[in-house]
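Read-outs: derived from the displayed coordinates by stated rules, not from any lab. This structure is a prediction, so every number in the text was calculated from the model and none was measured. Heads up, the Cβs are rebuilt from the backbone with ideal geometry, glycines too, and the neighbour counts pull from every protein chain shown.
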Amino acid sequence: MGRLVVAACALAALVLAPSAAVAQERFDQNGVIFVHGFVGTGAQFESQKMRFMSNGYPEGWVEAIDYDSTFGTESRADVYARIDRMVADLQQRTGRPKVDILGHSLGTTVMHEYLTSSPQRAANVGHYVNIDGRQADAPPGGVPTLAIWAGRGAPGRQIAGATNVTVPNQTHVQSATSRESFVESYKFFTGKAPAHDIVPQSGAITIEGRVLHFPVNRGVVGATLEVWQVDGATGQRSGSDPVVRVSIDESGDWGPVEVVAGRHYEFAVIRPGAQTHHHYYEPFVRSDHLIRILESDALSALGDRGPGHVGGVVLRYKELWGDQEGQNDVLAIDGTSVCVPAICPISKQVNALFFFDRGSDGRTDLSSPDPRFSALPFVVAADVFAPAAIPPTGKATVELRSRGGGPARAVNFPNFASLTDTVTVQLADFERTDAPCRRSSTVRFRLNRTRGRVTRVEAFVNGRRIIRRSGRNIRSVTLSRLPTDGRMTVRIVTTHASGTKLVSTRTWDGCTKSKPRIRSVRRR
């Protein structure tokens, strides 16, 4: 006899698993959009997206807009229209009538103007978070507002009628990327405190992002991106072929790409007539979908180049402090501590520290920053000699002991000559994560007997059948030797005395699990 799929699926909303691979048909929170500040990108929300995903938000629920904050290549009206499209896309994707939006720095001015420009725009926004930016006499557009202020900024700032929170001992960019800022935003959006910080994952994860011209945030058309696994001790590439090779178009988009959590990777941007730009990240702790790989010919041209020294930039979206006794970041390049008071004063709000051998004299001089970079916000340059060779014969090392605590972290890479190659070392803006979750290797499942006695049961783990039993009245089944971390899907098929089959599927991602999805199959 054939079988007919009949009714089915009386499903409760899925508890979010932090993976885009799980279809999230129901999730009872709004989607989230981040609007960055002056000379920023969506990367200032990279770690926050990981925190949202660690606390149940699906990957597609959290987005960031990359716009030209100089407004040289697009107008404010252009940016507002792009936000309109992003809002509409997120409403459609989530099935929710509203979205939640966060703005940081200049992004708060963009959002104030956006929310007050149209009642309909304001009506589409459920909550607004104003991070260390514009003050106001009332919440913009009447939208419920949380205003977060950096504790190291000017005291007394507020938005009247909003919830105003100051995060102590934090500077401007840090107030957008910190755990403390996330906790306040999450509580404001959901009405409860988050259960987790960033939850690490193990095994295969996915990464994706954009390759952008900085600061206009346009795709680097014609570039080729190669992603290489590298030896963490030397920075040398592992194997003869990259993990992936992607041609970049006007969107700048690449990925998703499957990599392995905890391993080291290089992102090489290759362009005709330009230096090869090698980007090195600390090992990824979990899937990461807001990676921004930045190219700036104008900034690269300011530094000195030569065959005998390494040149590049260290990035961290948490200001580097060098003149706050007892609270300084200790940043070393090839063993030389470079974040000294003259180079990293707190007033400079250093997010990007360029380094090269000024004058190619083979010496390091940290008595003053390079004046060619001094007028740029969040940017500083230091005269640091790190020996290089063509081709590279050794390694260079960037090491950080953060003021936030935690062990020293090091990123190693080949000692490329700045004449032919340039390097970016991207340091994480967080020091700690939650402890990795380990599931039990044994799970007991109570079987659904609403359709009568269970006479047969089969269980599948990640598509592989691991148990098959028959009996007169089976009440439960115990699965053992299950994977204790990573992603796991369990499908249990029960045959009932009434002739009905129930198929129950549940997915784990780390220790986060979905509610069972059930479908019923009845025999004719």
If I stretch the segment between residue 276 and residue 375 completely, what's the gain in nm (0.36 nm per residue apart, minus their alpha carbon distance), one decimal? 33.0 nm
Can you give the FRET efficiency for residue 195 and residue 484, using 1/(1 + (r/R0)^6), R0 = 22 Å, r = Cβ-Cβ distance, to the nearest 0.05? 0.65
Ratio for the chain, C-alpha Rg to 2.2 N^0.38 Å, reads 1.09
Report the extension gain between residue 84 and residue 340 in nm, rounded to one decimal, defined as 0.36 nm multiplied by the number of residues separating them, less their alpha carbon distance. 87.7 nm
So if I take the centroid of the Cα atoms in the stretch 430-487 and the same for the stretch 228-245, what is the distance between those two points in Å? 38 Å
Over 25 Å between alpha carbons, listed pairs 348/395; 98/192; 318/513; 49/318: 348/395; 318/513
Rounded to the nearest 0.05, what FRET efficiency is calculated for residue 120 and residue 157 with R0 set to 30 Å and r the Cβ-Cβ distance? 0.55
Taking 0.36 nm per residue of separation between residue 38 and residue 229 and subtracting their Cα-Cα distance, the length gained on full extension comes to 65.5 nm
Just how large is the dipole of the chain about the Cα centre, in debye to the nearest 20, putting +1 at every Lys and Arg Cβ and -1 at every Asp and Glu Cβ? 5040 debye
Sorted by packing (mean other beta-carbon atoms within 10 Å per residue), highest first, where do 274-280, 114-120 land? 274-280, 114-120
Using only Cα atoms and rounding to the nearest 10 degrees, what angle (0 to 90) does helix 179-190 make with the longest principal axis of the chain? 40 degrees
What does the charge count around residue 505 come to, taking other residues whose C-beta lies under 9 Å from its C-beta (Lys +1, Arg +1, Asp -1, Glu -1)? +4
Net charge contributed by nearby residues that have their C-beta within less than 9 Å of residue 66 (K/R +1, D/E -1): +2
Calculated from DSSP helices alone, with each H run of at least 4 adding -39500 (n - 2.57) and the total divided by the residues of the chain, [θ]222 nm to the nearest 500 comes to -3500 deg cm²/dmol
Restricting to lysines and to Cα separations under 20 Å from residue 501, and discarding same-chain partners fewer than 8 apart, the set is 515
Taking Cα atoms only, helix 106-116 is inclined relative to the longest principal axis of the chain by an angle, in degrees rounded to 10, of 50 degrees
About the Cα centre of the stretch 125-223, what is the dipole size in debye to 20, counting +1 per Lys and Arg Cβ and -1 per Asp and Glu Cβ, all else neutral? 100 debye
Please report the antiparallel percentage of DSSP beta bridges with both residues in the chain, rounded to the nearest 5. 65 percent
